[in-house]
Amino acid sequence: MSTTTSRRVKLTFPRGVHPPERKELAEARLIEVIASPKKVAVPLLQHLGAPCEAVVKTRDMVETGDLLGSSEAFVSAPVHSPIAGKVIKAGVCTLPNGRHVPTVPVKADGDQLEGDALWDAILGGDWPTEGLDSHTPEAIIQAVRDAGIVGMGGAAFPTHVKLTRNDAKPIDTLLINGCECEPYLTADDQLMRQAPGPIIAGAKLAARAAGAERVIVGIETNKPDALAAIRSAAAGTGVEVMEVKTKYPQGGEKQLILATLGRTVPTGGLPLDIGVVVSNVASAAAIAGAVLRGRPLTHRVLTVTGKGIAEPKNLLVPIGITYGEILDACGGLTPDAVRVVAGGPMMGFSIGNLETPITKGSSGILALTRDEVRQAPETNCVRCGRCVDACPLNLVPTKIALASRHGDWDLAKKYHAQACMECGCCALQCPASIPLVQLIRVGKAALSV
Amino acid sequence: MAEEKPNAADASKPTIEVAPSPHLSNTALTTRRMMLDVIIALVPVLIMAVWVFKWYAVLQVGLCVLACLAAEYLLACKLRGRPSSLGDLSAAVTGVILGLSLPWSAPWYVAVIASFAAIGLGKVVFGGVGMNIFNPAMVGRAFVMISFSVALGSGAYVMTGGMEVVSQATPLTAGKMEAAVVELWPLFVGNVNGSLGETSAIACLLGGIFLMVRRTASWEIPASLIATVVVLAGGAQLAGIFPNLTVAHHLLGGSLLFGAFFIATDPVSSPMTIKGKFIYGAGTGAAIMVIRLFSGYPEGVMFAVLLMNGLVPLINNWTVPVPFGGPVPERK
């Protein structure tokens with residue numbers, strides 16, 4: 001298998017950067033099922049779109065998978081309970097991105113689905129690859145919506161909206177994103193190795209719903225075991241597997257579409273404008289669970305890693321468990337940890353409160369020490385142009401940052417500040433250690449008013 | 001940025017800070033490292049300069065470096081009340097380049113005045129490192145070129161009765177003013193007269209390639225500059241202008257290679273985008289050839305670079321790149 005890959009054409013996109021991968025901390029760790037927590041707090045808004053309203057009252061008893069909150073709006077996704085227990089008094093939490101959202105806390109009561117049994121129910125066992133067309137697109141989309149599935153790569157966009165057919169914009173290709181281009185994270189890698197069956201089944205179901213003729217799974221070259229597992233599970237099913245060059249941000253949907261299909265998503269537009277739908281491997285697995293086993297989205301796999309955690313692991317966790325509990329399950333923070341990041345190191349949010357609950361889009365927790373985040377003091381920009389060389393979207397980050405620093409919003413607009421996706425490539429390369437992304441964020445915020 | 005947790009007194013519990021993404025940075029790459037790369041790339045040139053001009057090279061370059069450092073300290077730090085910025089090596093680099101662009105015979109006060117003009121007028125008045133529009137070394141050299149025209153004119157390079165190499169005019173002066181036939185091999189190696197850094201083409205090439213490999217200098221500017229010079233010099237040869245100065249003479253003679261790799265590639269005074277760099281390189285090459293062919297000066301690199309530096313803000317304006325996927329759509 002590895003001899004043929006070296007001769008394949010490496011698909012890629014222009015510019016981008018090569019940050020240190022640092023995946024060796026957790027990449028060999030098989031996914032562990034975390035012990036069922038005594039309490040979860042399920043946020044009512046964990047997705048892009050309208051927040052849910054609670055459909056249960058305090059002191060209601062719920063089973064695993066019961067509906068906790070839903071919304072009438074089209075762009076929304078219901079939330080379900082990951083444990084069996086009693087609903088307690090509604091709370092509020094602050095999500096890593098800073099939003100305050102109400103939560104439905106559930107206190108565990110009674111027998112819980114745990115360990116191997118939980119794994120088998122969600123991801124284990126056999127997954128059919130034949131006869132999936134017997135499910136109609138409408139039935140698939142309804143099942144996906146009812147299960148509350150959202151984009152689990154981080155954006156958390158309600159998946160049923162993505163898969164709904166739009167006659168004005170037909171979809172011809174479904175891309176499954178198995179790149180996991182952020183350093184440190186290995187959850188998708190392990191998911192592909194350990195549960196390729198539901199990923200392929202979910203991909204085929206999603207393609208059936210959206211009307212896509214072609215299904216492609218894109219995986220970076222630094223995951224040879226995942227490539228092998230997915231290739232073997234996809235054999236004979238019509239699902240293609242494309243190996244893409246390892247580079248950050250290959251997992252960004254615009255970059256993945258460019259690398260695998262050669263198509264360009266218009267700025268401010270969506271992949272569906274050019275006939276493509278992109279979904280994360282975990283979302284695909286969740287789709288399979290929803291359609292074939294009737295399971296709502298209640299658990300997800302994430303990576304806990306970094307030098308600041310005692311035991312790096314890949315874990316299957318319930319939605320609504322706190323960051324603190326997960327860190328404790330990994331041996332706790334080491335004394336020299338200085339930053340806890342929700343997500344990857346390039347785009348993740350640094351969190352200050354470990355009581356924050358996990359949401360459907362949380363892909364990783366990093367506990368970083370001082371030398372992993374070492375940032376030199378900021379000096380003057382010498383216009384070296386490395387940020388221009390790195391930006392995958394062809395922008396001039398230093399000019400936008402300069403404009404933002406001085407409040408010159410016209411200049412920021414002229415340099416297309418709003419096109420920035422805040423990937424962090426520019427700030428990684430800057431020899432002067434200028435906080436380019438933060439300055440550009442200021443510019444984007446000012447221009448969006 | 002560090003947030004003190006309530007139990008910070010307990011040494012085993014970590015103190016967690018909050019900061020914006022990205023949380024990684026490439027610590028090996030600093031501005032200081034880039035300046036150090038330039039100094040390392042100049043070592044072959046310095047070695048050749050010392051080999052050809054002996055003690056004069058050491059004196060000139062050393063004096064310029066010291067004067068630039070002193071100027072930076074007095075003007076950028078003391079006068080403006082800022083902490084010392086000598087550590088970022090930018091003044092040292094200016095000093096070395098300025099020293100290498102002076103003739104061996106320039107008196108000590110010319111070197112010192114050039115250094116103060118370079119740092120003061122070329123950098124500090126604009127706001128310090130990264131803010132200047134013009135290449136500071138060239139500002140300093142232009143200042144003394146005009147103020148001390150005899151000390152820096154063509155005659156300054158020639159001295160009879162001294163070292164053999166300085167008994168003749170510089171190659172381009174010889175070819176242009178005296179219609180002499182100039183040999184190419186000495187131009188390549190460096191056994192000719194000229195300013196301290198320009199004599200050896202091979203040393204400039206070695207240093208330039210090092211800089212491009214390290215990505216401290218972009219390849220676009222030297223490439224477009226040299227290509228433009230080749231085209232225009234070829235045209236001039238075909239048209240019969242200064243027929244004994246061939247394309248090879250223009251490439252290897254004068255400070256073309258030194259300018260292409262070390263002066264025009266100064267990141268602060270050159271454009272930031274790739275398209276802009278090509279335009280800048282081509283424009284500088286064209287300006288160099290126009291000055292060489294049609295003006296009273298034998299050499300045109302310094303003025304060409306300063307001229308194009310002035311156009312860089314305009315070039316940056318013209319070459320705002322279109323984002324991948326097209327421009328941001330207007331909000332309806």
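The values are calculated or read from the model by the stated rules, or taken from the named source; none is laboratory data. These numbers were taken from a predicted model, which means no experiment stands behind them. Note that each Cβ is placed from the backbone with ideal geometry, even for glycine, and that neighbours are counted across all protein chains shown.
What to note about this one:
- Of the helices (runs of 4 or more DSSP H) lying entirely inside the stretch B:31-108, those containing at least 3 residues that are under 18 Å from B:A264 (Cα atoms) span B:31-41, B:90-101.
- The criterion of being closer than 22 Å to A:V265 by Cα and part of a helix (DSSP H, G or I) holds for A:D389.
- Any hit, the stretch A:348-359, residues being facing chain B (nearest Cβ under 10 Å) and either charged (D, E, K, R) or in contact with a helix residue (DSSP H, G or I) (Cβ under 7 Å, 6 or more places away or on another chain) (or both): yes
- One residue alone among B:F262, B:F258 is within 23 Å of the chain's Cα centre (by Cα), away from every other protein chain (no Cβ under 14 Å) and over 21 Å from B:A174 (Cα atoms), and that residue is B:F262.
- Test for A:V338: is it within 27 Å of B:R32 (Cβ to Cβ), free of Cβ contacts under 8 Å to residues at least 60 places away in the same chain and out of contact with any helix residue (DSSP H, G or I) (no Cβ under 9 Å at 6 or more places or on another chain): yes
- Picking from residues in the stretch B:215-231 that are of a type outside the set (S, T, N, Q), more than 15 Å from B:F258 (Cα to Cα) and at the interface with chain A (Cβ under 10 Å from one of its Cβ atoms), the one that is surrounded by the fewest Cβ atoms within 10 Å (Cβ to Cβ) is B:R215.
- Pairs are defined by a Cβ separation below 9 Å, a sequence spacing of at least 6 or placement on different chains, a first member in the stretch A:112-123 that is under 15 Å from A:V301 (Cβ atoms), and a second member that is of a type in the set (K, R) and modelled with pLDDT of 90 or more; the pairs so defined are A:A121/A:R293; A:A121/A:R295; A:I122/A:R293; A:I122/A:R295.
- Residue that is surrounded by the fewest Cβ atoms within 10 Å (Cβ to Cβ), among those in the stretch A:233-277 that are in a loop (DSSP other than H, G, I, E, B), within 14 Å of chain B (Cβ to nearest Cβ) and without any contact (Cβ under 8 Å) to a residue 60 or more places away in the chain: A:G262
- Options A:V75, A:V56; residue that is among the hydrophobic types (A, V, I, L, M, F, W, C) and farther than 30 Å from A:L256 by Cβ: A:V56
- A:C426 more than 21 Å from the chain's Cα centre (by Cα), in a loop (DSSP other than H, G, I, E, B), crowded, with 22+ Cβ neighbours inside 10 Å and modelled with pLDDT of 90 or more: no
- Count of the stretch A:436-447 residues which are surrounded by fewer than 22 Cβ atoms within 10 Å (Cβ to Cβ) and facing another protein chain (nearest Cβ under 7 Å): 1
- With respect to being crowded, with 19+ Cβ neighbours inside 10 Å, within 30 Å of A:M347 (Cα to Cα) and of a type outside the set (A, V, I, L, M, F, W, C), A:H100 falls outside the description.
- Residue match in the stretch B:280-292 (condition: within 14 Å of another protein chain (Cβ to nearest Cβ) and either buried (at least 20 other Cβ atoms within 10 Å of the Cβ) or under 30 Å from A:P392 (Cβ atoms) (or both)): yes
- Failed condition for B:L102, given (1) out of contact with any Phe, Trp or Tyr (no Cβ under 6 Å at 6 or more places or on another chain); (2) buried (at least 19 other Cβ atoms within 10 Å of the Cβ); (3) more than 21 Å from B:T173 (Cα to Cα); (4) not β-branched (V, I, T): (3)
- Scope the stretch A:374-392; condition in contact (Cβ under 8 Å) with a residue 40 or more places away in the chain and under 27 Å from the mean Cα position of the chain (by Cα); matching residues: A:Q375, A:C387, A:D389, A:A390, A:C391, A:P392
- When each of A:I216, A:I171, A:I176 is tested for being touching a Ser or Thr at 6+ places or on another chain (Cβ under 8 Å) and over 26 Å from A:V79 (Cβ atoms), the lone residue that passes is A:I216.
- Selection count where residues are farther than 13 Å from B:A118 by Cβ and touching a Lys or Arg at 6+ places or on another chain (Cβ under 8 Å), scope the stretch B:51-98: 3
- Contact annotation: residue pairs with Cβ atoms under 8 Å, 6 or more positions apart or on different chains, pairing a residue in the stretch A:59-72 that is part of a strand (DSSP E or B) with a partner that is surrounded by fewer than 19 Cβ atoms within 10 Å (Cβ to Cβ) and of a type in the set (K, R), are A:M61/A:K86; A:V62/A:K86.
Per-residue answers, yes or no, for (1) modelled with pLDDT of 90 or more; (2) in a loop (DSSP other than H, G, I, E, B):
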position: A:K86; (1), (2): yes, no
position: A:C93; (1), (2): yes, no
position: A:V101; (1), (2): yes, no
position: A:K107; (1), (2): yes, no
position: A:P128; (1), (2): no, yes
position: A:G148; (1), (2): yes, yes
position: A:H160; (1), (2): yes, no
position: A:I176; (1), (2): yes, no
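- Residue identified as in a helix (DSSP H, G or I) and assigned by TED's automatic domain parsing to the domain that holds A:G151 among A:I219, A:I230: A:I230
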